Amino acid sequence: MRLNIPCDEEKIAKTICLSKAAFYRSEAATPLSRFDFLIQQSRYIGKRWWLLQGLLLALVLLLLHASKTPMYLQKCLGVTAPLFVVLALPELWKNRSSGAMEVECAAYYSLRQIYAARLTLFMGVDFLLISLFLLGVSCLGRLTVWEILISFVLPFNVSCCICFSCLYRAKASSQLLSVLLCMVWTFLWSQIVLTEGIYAAVSPLVWVGMLALSSLFLFYSVATGQQNIKQIWEETPLWS
């Protein structure tokens with residue numbers, strides 16, 4: 001026997017609104033702490049990329065230990081820095097390339113918070129890996145701190161600037177474009193390092209200026225991208 005239960009659409013809509021309000025109040029009453037939020041986001045990051053970054057640095061350390069030519073050491077560091085950055089691209093780009101941005105935009109936490117958490121996690125782990133790597137280079141005693149800054153940190157900063165500039169653009173969103181630009185930069189940097197006349201002609205003050213400028217532009221790229229992330233990745237932001 002079928003029962004015909006009357007359906008009041010107005011009351012159903014009101015019930016849905018009240019349910020949403022109750023859910024929001026419940027979530028707002030017990031928000032995640034920043035640490036818990038980072039731990040939550042870390043579960044969605046593929047750990048294989050951190051493993052590959054660590055293996056890359058370990059391999060370079062072995063090459064530096066076996067090498068006898070200072071010029072080869074500088075070239076090796078200059079090539080390592082862009083490759084280290086490129087290994088982070090698939091993870092940072094996966095949500096955009098897979099079309100999952102609309103899902104994240106509808107999440108409880110804002111898109112800016114989600115990407116800020118992931119960038120924080122990547123910067124933290126990469127900082128640890130690079131610190132261990134530079135400590136290993138220092139223990140080998142093959143390069144001075146100045147040579148490490150110019151041969152590794154400077155090309156690393158420029159590679160990061162390239163990748164974040166592409167990531168936070170509405171149209172130039174291809175990972176291949178970022179990889180291509182990083183490879184072009186690696187080639188140009190290798191030519192500078194291998195050409196002793198060019199390398200020696202640049203004064204220490206210019207190197208310091210380039211290092212400072214690349215660091216400032218990297219900070220500016222990330223800060224501006226995070227600030228305008230909604231407008232960059234959507235023509236008309238529909239979420240709050």
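Using the beta-carbon distance between Leu38 and Thr144 and R0 = 51 Å, what value does 1/(1 + (r/R0)^6) give for FRET efficiency, to the nearest 0.05? Rounded to the nearest 0.05, the efficiency is 0.90.
Ranked by the mean number of other Cβ atoms within 10 Å of their residues, highest first, the peptides 153-162, 116-125 fall in the order 153-162, 116-125. Once the Cβ-Cβ distance of Ser215 and Cys17 is raised to the sixth power relative to R0 = 41 Å, the FRET efficiency obtained is 0.25.
Annotation: peptides 52-61, 82-91, ranked by per-residue average of other Cβ atoms within 10 Å with the highest first, follow the order 82-91, 52-61. The slack in the chain from Glu10 to Met183, taken as 0.36 nm per residue of separation less the alpha-carbon distance, amounts to 56.3 nm.
Descending by average beta-carbon neighbour count within 10 Å, the peptides 206-214, 9-17 line up as 206-214, 9-17, the highest first.
No lab work stands behind these numbers, since they all come straight from the coordinates. What you see is a predicted model, and the numbers here were worked out from it, not measured in a lab. All Cβ positions, even for glycine, are placed from backbone atoms using ideal geometry, and neighbour counts span all protein chains on display.
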